[in-house]
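Here's the structure, in structure tokens; my notes come after.
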Amino acid sequence: MPRIFPPRPLSPEQRYALLKRGFDFSFSLLVVVLILSWLAPLLGLLLKLESRGPVFFKQLRTGKHCQPFYCLKFRSMRLNSEADARQASRGDSRITRLGAFIRQTSLDELPQFINVLRGDMSVVGPRPHMLLHTQDYAQRIAGFMERHAVTPGITGWAQVKGYHGETRKLQAMENRVQADLWYIKRGSLALDVRIVGLTVVQALRGHQNAC
């Protein structure tokens, strides 16, 4: 009779990965069902009335292990040819009036909970960047590519520490990278929940660095 061995216990890293995915899926499903189900049609109508173009903005960004994926947002700009190369800036003429409001309140980011359900993103993790910026900053900032060892997030430690928005100066991105690397080394479900709570508070107050 073959011997039956008990299953090997999960390592702390494996346990955290399972808990994180469970939290991501459950939290994102609640957001999609309870908020996006009615907010998307409402915002979609208002966006269409204000300017022509799709309701959702899709952009290729760098994901885990540098795999590109389409990151979803509510469209906050008029249609333009610079969307995949130029960051939004304060006073950017491309941003519509409604777009300015949804960026200030982070409502434009809500469709990314669909990305989380798909497995492209996590609720908490380093923010994903457009492909062109990944190529640029990988050459200019030490440790930048280490951020791609984990799944990118809707929010993260860098964002709640104030390192979000336009990165006109290299130091702004360096600060963001250092915060992301700090999070990767100390990631835990308790830290994720704390970051989500701080993000909600920031969204209610409005982001000072929002463009």
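Listed values, structure above:
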quantity: Residue selected from segment 9-30 under the condition hydroxyl-bearing (S, T, Y) and touching a residue at least 12 places away in the same chain (Cβ under 8 Å), by the criterion farthest from V200 (Cα to Cα); calculated: Y16
quantity: Some residue of segment 52-60 being among the β-branched types (V, I, T) and farther than 21 Å from H129 by Cβ; calculated: yes
quantity: Residues that are part of a helix (DSSP H, G or I), buried (at least 19 other Cβ atoms within 10 Å of the Cβ) and out of contact with any helix residue (DSSP H, G or I) (no Cβ under 6 Å at 6 or more places or on another chain), drawn from segment 136-162; calculated: Q159
quantity: Top-ranked residue of segment 67-111 - restricted to ones that are out of contact with any helix residue (DSSP H, G or I) (no Cβ under 7 Å at 6 or more places or on another chain) and of a type in the set (S, T, N, Q), ranked as surrounded by the most Cβ atoms within 10 Å (Cβ to Cβ); calculated: Q104
quantity: Given (1) within 20 Å of S106 (Cα to Cα); (2) charged (D, E, K, R); (3) free of Cβ contacts under 8 Å to residues at least 60 places away in the same chain; (4) part of a helix (DSSP H, G or I), index of the condition D192 fails; calculated: (3)
quantity: Filter result (free of Cβ contacts under 8 Å to residues at least 12 places away in the same chain and among the hydrophobic types (A, V, I, L, M, F, W, C)) within segment 38-69; calculated: W38, L42, L45, L49
quantity: Unique residue being out of contact with any Ser or Thr (no Cβ under 7 Å at 6 or more places or on another chain) and under 15 Å from R61 (Cα atoms) when the list is M145, M121; calculated: M145
quantity: Members of segment 190-203 that are of a type outside the set (D, E, K, R) and either surrounded by 15 or more Cβ atoms within 10 Å (Cβ to Cβ) or closer than 10 Å to Q159 by Cα (or both); calculated: I195, V196, L198, T199, Q202, A203
quantity: Matching residues, segment 120-142, being free of Cβ contacts under 8 Å to residues at least 40 places away in the same chain and small (G, A, S); calculated: A138, A142
quantity: Residues located in segment 40-54, provided they are crowded, with 16+ Cβ neighbours inside 10 Å and closer than 11 Å to P111 by Cβ; calculated: A40, L43
quantity: Members of segment 163-176 that are without any contact (Cβ under 8 Å) to a residue 40 or more places away in the chain, surrounded by 14 or more Cβ atoms within 10 Å (Cβ to Cβ) and part of a helix (DSSP H, G or I); calculated: A172, M173, E174, N175
quantity: Test: residue in segment 143-150 that is under 17 Å from Y16 (Cα atoms), of a type outside the set (S, T, Y) and in contact (Cβ under 8 Å) with a residue 12 or more places away in the chain; calculated: yes
quantity: Verdict on F27 being surrounded by 13 or more Cβ atoms within 10 Å (Cβ to Cβ), modelled with pLDDT of 95 or more and in contact with a helix residue (DSSP H, G or I) (Cβ under 7 Å, 6 or more places away or on another chain); calculated: no
quantity: Candidates L72, L36, L42, filtered to the one that is of a type in the set (A, V, I, L, M) and over 18 Å from the mean Cα position of the chain (by Cα); calculated: L42
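The values are calculated or read from the model by the stated rules, or taken from the named source; none is laboratory data. Worth saying up front: this structure is predicted, and the values here are computed from it rather than measured. With ideal geometry, Cβ positions are generated from the backbone for all residues, glycine too; neighbour counts draw on all protein chains shown.
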